[in-house]
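One structure is given here, and the rest of the page talks about it.
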Amino acid sequence: MKKFLAEFKDFAMRGNVMDLAVGVIIGGAFSAITTSLINDIIMPILGIFTDSISFADLSFTVNGAVITYGNFIQAVLNFIIMALVVFCMIKVMNKLHRKKEEPQPPAAPPEPSGEEKLLMEIRDLLKENRSNA
């Protein structure tokens, strides 16, 4: 039993599991923000065009069963907006990450020393003499 508990502790304390737990918690909070954005800002604006404050009011009845297709439309819009926001956030994070990883351009080569300049002049003169001969 001790071995099992030790293995579980190692598993639970591994970095990936902790990162996942943090992601789930932040995702829940982010979901609440996105739901508020949709319900409190976007849906009332869309309600102006549909003569309704919320899509949740859209429904019809079939043999006594109420089909609330407005809730489905609202859930789909919620998903699309959340996916768009997450996509934009990841795009920005990737752009910032790429800037960090870009290697710095190599520094300009150092200025040749006087001795190197003299050797280059001699080399150029020798080439000139060979081509003239």
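What is the residue count in segment 60-75 for residues that are open to solvent by 60 Å² or more (accessible area, probe 1.4 Å) and part of a helix (DSSP H, G or I)?
Residues flagged as open to solvent by 60 Å² or more (accessible area, probe 1.4 Å) and part of a helix (DSSP H, G or I) within segment 60-75 amount to 3.
How many residues are more than 16 Å from the chain's Cα centre (by Cα) and surrounded by 10 or more Cβ atoms within 10 Å (Cβ to Cβ) when one looks only at segment 81-112?
Here the count works out to 1.
Restricting to segment 12-23, and then to whatever is open to solvent by 100 Å² or more (accessible area, probe 1.4 Å) and assigned to a helix (DSSP H, G or I), can you tell me which residue is nearest to residue 79 (Cα to Cα)?
20
Before we move on, is residue 132 modelled with pLDDT under 85 and surrounded by fewer than 10 Cβ atoms within 10 Å (Cβ to Cβ)?
yes
What number of residues within segment 25-59 satisfy the criterion of being part of a helix (DSSP H, G or I), among the β-branched types (Val, Ile, Thr) and open to solvent by 100 Å² or more (accessible area, probe 1.4 Å)?
The number of residues fulfilling the criteria is 4.
The values are calculated or read from the model by the stated rules, or taken from the named source; none is laboratory data. As the structure is a computational prediction, the values presented were derived from the model and not from experiment. Counting neighbours? That spans all protein chains shown, and the Cβs are built from the backbone with ideal geometry, glycine included. For accessibility, only protein heavy atoms count, side chains too; no ligands or nucleic acids. Shrake-Rupley method; radii C 1.70, N 1.55, O 1.52, S 1.80 Å.
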